[in-house]
1. For segment 82-95, what are the residues that are out of contact with any Phe, Trp or Tyr (no Cβ under 8 Å at 6 or more places or on another chain) and surrounded by 14 or more Cβ atoms within 10 Å (Cβ to Cβ)?
2. Out of the residues in segment 47-68 meeting the condition of being over 13 Å from Leu31 (Cα atoms) and touching a residue at least 12 places away in the same chain (Cβ under 8 Å), tell me which one is surrounded by the most Cβ atoms within 10 Å (Cβ to Cβ).
3. What are the pairs, 6+ residues apart or on separate chains, where a residue within segment 34-46 that is closer than 15 Å to Ile68 by Cβ has its Cβ under 7 Å from a residue that is assigned to a helix (DSSP H, G or I)?
4. Restricting segment 29-44 to residues that are touching a Cys at 6+ places or on another chain (Cβ under 8 Å) and of a type in the set (A, V, I, L, M), which is modelled with the highest pLDDT?
5. Is at least one residue of segment 77-90 part of a strand (DSSP E or B) and among the aliphatic types (A, V, I, L, M)?
Amino acid sequence: IDYYNRNRELLYGSLKEYGFECIKPEGAFYLFVKALQEDSKEFSEIAKKYELLLVPSDSFGCGGYIRISYCVSKEQILNALPAFKQLIEDFKRGQYE
């Protein structure tokens, strides 16, 4: 449990620091993050350009959000963080308007 808690805190804290809006999970292995545009499916497709695999969470009852699993290695999360940071920076600069 400690392993997953560390992964959750790392991913949640980093994404919040970058400017993402997140719902902090209390018992699952998934983090729900507000998509940076209204269409979460389109946002997930854009994220693939950054080598990020995000799942639109509309079918999980959370429209406008994407779902990220953190039941992976800590190294995998650490390796993905620069891509998340670049993704939000590109959105902030208006690259995807």
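1. Phe91
2. For segment 47-68, the residue satisfying everything is Ala47.
3. Ala35/Phe43; Leu36/Phe43; Leu36/Ile88; Leu36/Phe91; Ser40/Asp58
4. Val33
5. No: zero hits.
The values are calculated or read from the model by the stated rules, or taken from the named source; none is laboratory data. Everything quoted here is computed from the prediction, not taken from an experiment. Note: ideal-geometry Cβ built from the backbone for every residue, glycine included; neighbour counts use all protein chains shown.
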